[in-house]
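Everything on this sheet refers to the single structure shown next.
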Amino acid sequence: MNEYFKEMYSKIQDNWNVDSSLKYFGIGKSNEGSEESKAILRYYIEPDDKRFRQIFLNFDMNRNIESIVWFLDRNESELLSLAQLKELFGLFETHNIVYDETTELFFLPTQNKFIKYVQTTIPEWVEKRRDGTLYFIKDNQEYELDDNYKVSTIVFKIMNAA
């Protein structure tokens with residue numbers, strides 16, 4: 001899985017168009033003309049790579065990709081660990097999301113100037129201890145958010161999108 005994301009990370013370029021990039025993902029269906037498209041333009045991809053359950057290509061009015069969202073298939077693929085993500089994209093920042101009590105992790109990559117950030121979501125409210133370690137509480141039990149923690153969703157936010 002690391003090799004796949006390393007390769008995709010290197011492919012992102014200036015004005016990456018939906019039509020020319022579909023070949024990297026699978027068969028897609030656009031939501032253009034739908035009620036949803038008034039808020040977001042999106043291709044729903046049935047991935048060629050069965051390690052993924054689904055892929056979204058969110059795009060702008062010029063059909064340039066704004067973000068790519070991968071949903072890993074837990075039955076067909078090993079999920080990515082935080083250690084793997086840190087190896088690929090560097091250190092991360094945490095942002096708690098008040099409305100749904102989740103935490104987003106933002107990796108600020110330095111090797112590709114066209115990627116603004118890489119993101120994943122932790123479905124819990126993550127706290128930081130004084131020593132810098134991270135944890136969350138679920139069902140009244142405390143859990144470490146360490147390098148072994150596995151994630152199933154990855155987002156690349158593309159810098160050049162309008």
Starting from residues that are closer than 18 Å to ILE68 by Cβ and among the hydroxyl-bearing types (Ser, Thr, Tyr), keep the ones in region 78-129 and report whichever is surrounded by the fewest Cβ atoms within 10 Å (Cβ to Cβ).
THR121
Within region 117-162, residues aliphatic (A, V, I, L, M) and either at positive phi or assigned to a strand (DSSP E or B) (or both) come out as VAL118, ILE122, VAL126, LEU134, ILE137, VAL151, ILE154, VAL155, ILE158
It is to be established whether one or more residues within region 82-93 are over 19 Å from SER152 (Cβ atoms) and of a type in the set (D, E, K, R).
yes
So, first residue touching a residue at least 12 places away in the same chain (Cβ under 8 Å) in region 1-28, second residue in a strand (DSSP E or B) and open to solvent by 40 Å² or more (accessible area, probe 1.4 Å), Cβ within less than 6 Å, six or more apart or across chains; the pairs are GLY26/GLU46; ILE27/GLU46
Take the residues of region 66-77 that are polar (S, T, N, Q) and crowded, with 16+ Cβ neighbours inside 10 Å: which is farthest from VAL155 (Cα to Cα)?
SER77
Looking for something surrounded by 12 or more Cβ atoms within 10 Å (Cβ to Cβ) and either closer than 19 Å to LEU105 by Cα or free of Cβ contacts under 8 Å to residues at least 12 places away in the same chain (or both) - is there at least one such residue anywhere in region 36-45?
yes
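The values are calculated or read from the model by the stated rules, or taken from the named source; none is laboratory data. Note that this is a predicted model, so its numbers are computed, not measured. Positions of Cβ are backbone-derived with ideal geometry, glycine not excepted, and every protein chain shown enters the neighbour counts. Protein only, heavy atoms only, side chains kept; ligands, DNA and RNA dropped before computing areas. Shrake-Rupley method; radii C 1.70, N 1.55, O 1.52, S 1.80 Å.
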